[in-house]
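Please read the structure below before turning to the comments.
FYI, it's all coordinate maths here, none of it is from the lab. Fair warning: this is a prediction, and the values are worked out from it, not measured in the lab. A quick note on method: Cβ atoms are made from the backbone with ideal geometry, for glycine too, and the neighbour counts reach across all protein chains shown.
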Amino acid sequence: METTLHQQLKRCYAQDDASTEVVMGRYRIDAIRDDELIEVQCASLSAIRDKCQNLLKRHQLRVVKPVIMRTRIAKSRKAGGPITSRRLSPKRGNPLDVFDELIYFTRVFPHPNLVIEVPLIEIEQLRLPGKKRRRRWHKDFKVGDVRLEAIQRSIELRIPADLLDLLNIPETVQHFNTAELATMIDRPRWNAQQIAYVLRKTGAIDSKGRNRTGIIYQRAA
């Protein structure tokens, strides 16, 4: 079921109300603005990978992939019922979270007809009672809806160098391994390895060699 968040984002990017859910050949396009097709993807990018590859053959395409920076949790006892409580989730997002999805999109990005836009958003998540479960570690709720509260700012990714800009690696750093990358971005090494994979596959970095610490990477020429 489409969330309110998805509907709101489509309206944000469409040139008018008539320019959403436009049928084009065998595809339904979320929004159109001037000559640009817009796909809003709140779920995994892997789900629209083939669709995007086909659209890019003939069209300018903007893929909108939001990163949730802050979540307000609202609770209700039933769908359509009054809100019984609201609180802010302690979990916070980070712009680098987009790499968790780009790992499935390296066959699509970069492309001269493609822009990936990453709005950093604040949302309200409506939670409803879930099915009773015996095991404590299972969630005792289901998500009824998600709504947009605010867009902090947006990041555009057009070329591989834009991915490096997200990491804020100092210009003086010419070579690094994933352990050093993890330290620079304050993330665990497994996550730095995923990011390095995306950077290498998209042409942002090259492997320079290997030593005892692992593969050494450098910025692509």
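Residue exposure proxy: H6, H175, ordered by other Cβ atoms within 10 angstrom of their Cβ from fewest to most, comes out as H175, H6.
Ranking Q174, L120, L37 by how far each Cα lies toward the positive end of the dipole of the chain (charges on Cβ) leaves L120 at the top. Just to be sure I understand: with springs between alpha-carbon atoms less than 10 Å apart, which residue in L148, L45, L128 has the highest mean-square fluctuation in the Gaussian network model of the chain? Fluctuation is largest for L128. Computed from backbone phi with θ = phi - 60° and the Karplus coefficients 6.51, -1.76 and 1.60, the 3J(HN,Hα) list for the stretch 9-19 is 5, 4, 5, 5, 9, 6, 6, 6, 5, 6, 9 Hz; x is used for glycine and proline.
As a proxy for reagent exposure, ranking M184, M1 by other Cβ atoms within 10 Å from fewest up yields M1, M184.
Set the Förster distance to 45 Å, then compute FRET efficiency between I215 and R28 from the Cβ-Cβ distance, nearest 0.05.
On the way: r = 42 Å, r/R0 = 0.93.
The calculated FRET efficiency here is 0.60.
From the Cα gyration tensor of the stretch 159-221, with a ≥ b ≥ c the square roots of its eigenvalues, which class applies: rounded if a/c is under 1.5, or else prolate if a/b is larger than b/c, or else oblate? Rounded, since a/c falls under 1.5. In terms of surrounding Cβ atoms within a 10 Å radius of their Cβ, K75, K142, K131 rank from fewest to most as K131, K142, K75. In order along the stretch 213-220, the phi-based Karplus estimate (6.51 cos²θ - 1.76 cosθ + 1.60, θ = phi - 60°) of 3J(HN,Hα) comes to 8, x, 6, 9, 10, 9, 4, 5 Hz; Gly and Pro are listed as x. Of all beta bridges that DSSP places with both ends in the stretch 15-85, some 65 percent have antiparallel geometry. The label point for R11 and the one for R58, both projected 7 Å from the Cα toward the Cβ, are 3.1 nm apart. Of the beta bridges in the stretch 4-158, as assigned by DSSP with both residues counted there, near 60 percent are antiparallel. Ignoring lysines fewer than eight residues from K75 along the same chain, the ones with Cα atoms less than 28 angstrom from its Cα are K10, K65, K91, K131, K132, K139, K142.
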